[in-house]
Amino acid sequence: MVKQNKLLIFILTFGVFGIINTEMGVIGILPSLAEHFDVSISKAGWLVSLFALVIAVSGPTMPILFSSIDRKKVMLLVLGVFVLGSIVSIFTTNFTVALIARIIPAFFHPIYCSLAFSVAADSVSKEEAPKAVSKVFVGVSAGMVVGVPIASFIASAVSLQMALAFFSLVNAIAFLATWIYVPSMPVKEKLSYGTQISVLKKLITWQSIVAVIFLNSAVFGVYSYLAEYLKTVTNMSSNVITITLMVFGGANIIGNIVAGKLLTKNAQKTIISFPIALGAIYLLIFLFGHFSISMAVITLIWGILAGVGGNINQYWIMSAAPESPDFANGLFISSCNVGTTIGTALGGMFIAGLGTQYVVLVGGISLVLSAMFIMIRISMYRTNADQLAR
């Protein structure tokens, strides 16, 4: 049974990697895509921005629509859609067709990720659920970090089509592994749509959503401009910037593992401490960000905290609506995308108005706001260590 659970969680992690890899990997080949489709780089950016927008919109709704269907069948459907979407992208020369081939899978993106978190949590005891979820988050981090340089390398070393084929191959492997090794998982307790949506009537749900939006804004409002910061403030070379970004990504994966242990041991203390710890990192970046060695060390610690933060976001919303796990995970995905959008937009405004060095202010302001909503929720709902805010 233990071996089966480990294999299941590994497949879920790899599947999430494939989904996120398809979403984020395009960033590494945007210039090649713009040239291939003969469009501007800003227009090619729609392949990223529209994908994220669709996820934000479909996050709360799509998991509900498929919540009563056998989970294995749903996962196979989603992975199949992603494989087909990537195949279409390989052969089309029409930008509109390529955009559609991206948008359709984006609608299904929250379904798989939501199910992956829910299935991982259900495969172990309630006490061990944060650890299981943290392992799936490794796939999220790997997809966000590893996919970009791999796709970029394949496109430059071989061809753009082979880079797109890489996305399809990863999802195809996940599809086959799910088909062969994942058992049928019929939904035992089918919740009505009304029952699931009813969690939105609870004040604690909205308090948690707002807190997660600001927490994600705090991370991505600064991280989105890390390369620009390293270039203009730290004055790093392109090669060193690439290495530093990889360090952040590797640290992010470590952070996921650390988060599982911390949330299992003392969730409330971990969540309260997070804004303080990340705020200290941003203060250090502001004070010592112009020194290369200092910035490299800070980036390592920052990456670990960012990995912890992703797990905190999922846990915070899930603990607010444990009676509707699929819908709660959908809300988590949507809230994170909204937070990323807001943080990135504000970061751009701060850079334009004050300069790149001051982008950390977006992180600081977002952390203060997130801490406010975290403390409001904790003060209103006295909870035990196993599950906050029932």
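A compact table of results
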item	result
Residues listed by number, the range 247-268, amide nitrogen under 17 Å from Val297 label point at 7 Å toward C-beta	248
Heavy atoms of Lys269 accessible to a 1.4 Å probe, total area in Å² rounded to 10	130 Å²
Spin-label model distance (nm) - Asp122 vs Asn5, 7 Å beyond Cα toward Cβ	1.5 nm
Highest to lowest packing among 56-66, 234-244, scored as the average C-beta count within 10 Å	56-66, 234-244
Sites Met246 and Ile376 - FRET efficiency at Förster radius 35 Å, r taken between beta-carbons, to 0.05	0.40
Candidate aspartates and glutamates for bridging to Lys43, where Cα separation is under 12 Å - those fewer than 8 sequence places away on the same chain excluded	Glu35
Segments 170-177, 345-352, 38-45, 220-227 sorted - mean Cβ within 10 Å per residue, highest first	220-227, 170-177, 345-352, 38-45
At least 27 Å along the helix axis (C-alpha) and Kyte average at least 0.5, DSSP helices within the chain	2-24, 71-91, 95-122, 160-181, 203-223, 238-288, 292-318, 325-354, 360-380
Global geometry of the chain, whether rounded, prolate or oblate, following the gyration tensor of its Cα atoms and the 1.5 cut on a/c	oblate
Cβ-derived FRET efficiency at R0 25 Å, Ile197 paired with Ile104, nearest 0.05	0.55
Exposed-loop-free span, longest in the chain, where GluC sites (Glu not before Pro) count as exposed if DSSP calls them loop and at most 12 other C-beta atoms lie within 10 Å	190-390
Gain on full stretching of the segment that runs from Thr96 to Leu169 - 0.36 nm per residue minus C-alpha separation	24.0 nm
For the chain: accessible area per residue (Å², 1.4 Å)	43 Å²
Prolate/oblate/rounded call for the range 329-383, Cα gyration tensor, a/c under 1.5 rounded	oblate
Above-threshold pairs, the threshold being 23 Å between Cα atoms, out of Lys6/Lys131; Lys188/Lys261; Lys6/Lys72; Lys131/Lys269; Lys131/Lys202	Lys188/Lys261; Lys131/Lys202
FRET E, pair Leu287, Trp206, Förster distance 41 Å, beta-carbon r, rounded to 0.05	0.70
222 nm mean residue ellipticity, helices alone, for the chain (DSSP H n ≥ 4; -39,500 (n - 2.57); rounded to 500)	-27500 deg cm²/dmol
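The values are calculated or read from the model by the stated rules, or taken from the named source; none is laboratory data. These numbers come from a predicted model, not from an experiment. All Cβ positions, even for glycine, are placed from backbone atoms using ideal geometry, and neighbour counts span all protein chains on display. For the accessible areas, the whole protein counts, side chains as well, though only heavy atoms, and no ligand, DNA or RNA atoms are used. Shrake-Rupley method; radii C 1.70, N 1.55, O 1.52, S 1.80 Å.
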